[in-house]
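Have a look at the structure below, then the notes.
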Amino acid sequence: MAKSKQEIATSENTVRSFGAWAKSTFSNQSAILVVTLLILAILFQIGSEGIFLNFGTLGTILEDWGSYILLALAETFVVITGGIDLSVGATVSLSSVVAGWVLVQGMHLDATTQGSAALPYVLLATLVALLVGLAVGALNAFLINILKIVPFIATLATMGAMGGLAIIISGGMPLQGPNDFSLGIAYNIGGVQLPISTTIVCVLVITVIAGLYLHKTRFGLYTFALGSNPFATRAAGISPARHLTKIYMLSGGLAGLAGAYAYVRLGAGSPSNGAGMELYAIAATVIGGASLMGGVGRVVGVALGTLVLFTVQSGLLMVKVVTVSPDLKQVIVAILIAAAVAVQTLQKSNRR
């Protein structure tokens with residue numbers, strides 16, 4: 001029996017509505033990342049023969065996520081302004097080493113101080129690491145604003161310098177000081193071990209605050225404006241140099257907190273703590289939807305992008321169906337970066 005005109009029109013409207021919904025959903029980077037995470041979870045669950053999806057694996061992913069999301073947040077603020085900060089990894093190394101030096105060499109403490117007795121010293125290490133990060137950020141701002149060095153070269157120089165200082169201060173060896181390892185132990189509620197620890201909770205709080213600061217305050221508005229049109233921003237009475245100083249100090253401060261996270265997690269300040277972390281931070285930022293051209297970026301997307309990175313890494317290590325080399329993770333990161341940039345390009349083309 002032939003369909004009536006009304007039924008045909010209804011069917012066409014349904015198809016159009018679904019097409020519009022699909023287009024709007026998959027033009028949203030966060031939605032794409034959520035779908036990607038679900039697909040990865042299913043694939044790795046199958047590839048690991050059913051052992052991937054458990055609280056233990058999720059806890060490992062979140063521990064790694066906590067190390068890198070702080071750096072990804074730092075890069076997000078900088079990248080939105082149209083800049084780049086290559087020094088974040090070296091800042092992690094230097095801040096953790098200086099924190100360890102203050103406790104070990106300055107206060108003559110060692111790793112025998114643990115538990116609740118070490119908590120005040122851990123807080124002191126966090127403060128020291130934060131101050132070191134702020135100082136590195138201020139140095140980057142000086143090179144960019146006063147000496148007029150482009151951000152890529154300025155932060156490349158500080159990356160080398162801070163990495164070298166970390167080795168000199170530590171003598172190339174980890175500085176093991178007081179630590180409260182219980183801060184990194186997953187919570188156990190009712191006999192169920194959750195994948196969240198005190199350190200992860202702290203990182204989540206910082207991430208939420210950074211998101212609100214970027215998307216709900218005048219500071220965030222100025223940040224997006226500076227990346228979208230620096231000339232109009234200057235004409236509006238906003239000082240680009242002053243705002244960039246705040247941005248790079250914020251980036252350095254977040255990297256310093258990542259250094260404190262590394263100290264708490266490992267119980268030592270080591271010059272290798274931040275080695276190569278800048279690559280993953282930039283990757284997570286781009287995968288999360290931030291544009292390297294400036295003016296675009298969301299904290300939710302960056303948080304999901306970081307989660308995708310470490311879901312891939314953990315999943316590859318657990319796959320049993322095929323043998324996967326651990327070195328393949330760098331290839332995967334490169335592919336994810338290229339795919340994220342390609343998606344951004346397609347989204348811009350669709351808008352036009």
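The values are calculated or read from the model by the stated rules, or taken from the named source; none is laboratory data. Owing to the predicted nature of the structure, the values given are computational and were not obtained by experimental measurement. Every residue, glycine as well, gets a Cβ built from its backbone with ideal geometry; the counts of neighbours run over all protein chains shown.
Brief remarks follow.
- Of the criteria (1) in contact with a strand residue (DSSP E or B) (Cβ under 8 Å, 6 or more places away or on another chain); (2) not in a helix (DSSP H, G or I), which one residue 118 fails: (2)
- Qualifying residue in the range 267-282 (condition: assigned to a helix (DSSP H, G or I) and either farther than 18 Å from residue 156 by Cα or at pLDDT 95 or above (or both)): no
- Where a residue in the range 189-201 is more than 18 Å from residue 179 (Cβ to Cβ) and its partner, wherever it lies, is part of a loop (DSSP other than H, G, I, E, B), with Cβ under 8 Å and at least six apart: 193/186; 193/187; 194/186; 194/187; 195/186; 196/186; 196/187
- Here residue 79 meets the list (1) in a helix (DSSP H, G or I); (2) at pLDDT 80 or above; (3) surrounded by fewer than 24 Cβ atoms within 10 Å (Cβ to Cβ); (4) not polar (S, T, N, Q) almost entirely, failing just condition (3).
- Of the residues screened, residue 104 is one that is out of contact with any helix residue (DSSP H, G or I) (no Cβ under 8 Å at 6 or more places or on another chain), over 30 Å from residue 193 (Cα atoms) and either assigned to a helix (DSSP H, G or I) or charged (D, E, K, R) (or both).
- Scanning the range 160-188 for residues that are farther than 20 Å from residue 273 by Cβ and in contact (Cβ under 8 Å) with a residue 60 or more places away in the chain yields 182, 186.
- Pairs linking a residue in the range 26-51 that is surrounded by 14 or more Cβ atoms within 10 Å (Cβ to Cβ) to a residue that is among the basic types (Lys, Arg) and modelled with pLDDT under 90, with Cβ atoms under 9 Å and 6 or more positions apart or on different chains, are 27/351; 47/320; 48/320.
- Lone qualifier among 226, 194, 257, 221 - being modelled with pLDDT of 95 or more and either touching an Asp or Glu at 6+ places or on another chain (Cβ under 6 Å) or not hydroxyl-bearing (Ser, Thr, Tyr) (or both): 257
- Looking across the range 211-229, just one residue is among the charged types (D, E, K, R) and farther than 13 Å from residue 243 by Cβ, and that is 216.
- Pairs where the first residue, in the range 278-304, is within 13 Å of residue 86 (Cα to Cα) and the second is at pLDDT below 90 and not β-branched (Val, Ile, Thr), C-beta under 7 Å, 6+ apart: 280/309; 283/309; 283/336
- Among the residues of the range 165-190, those identified as farther than 21 Å from residue 113 by Cβ, touching a helix residue (DSSP H, G or I) at 6+ places or on another chain (Cβ under 8 Å) and small (Gly, Ala, Ser) are 166, 186.
- Note on the range 87-112: residues that are of a type in the set (S, T, N, Q) and surrounded by fewer than 24 Cβ atoms within 10 Å (Cβ to Cβ) amount to 2.
- Qualifying helices (runs of 4 or more DSSP H) (wholly inside the range 146-254; at least 1 residues being among the charged types (D, E, K, R) and surrounded by fewer than 13 Cβ atoms within 10 Å (Cβ to Cβ)): 198-216, 218-228
- The listed residue being assigned to a loop (DSSP other than H, G, I, E, B), among the β-branched types (Val, Ile, Thr) and crowded, with 19+ Cβ neighbours inside 10 Å, out of 84, 69: 84
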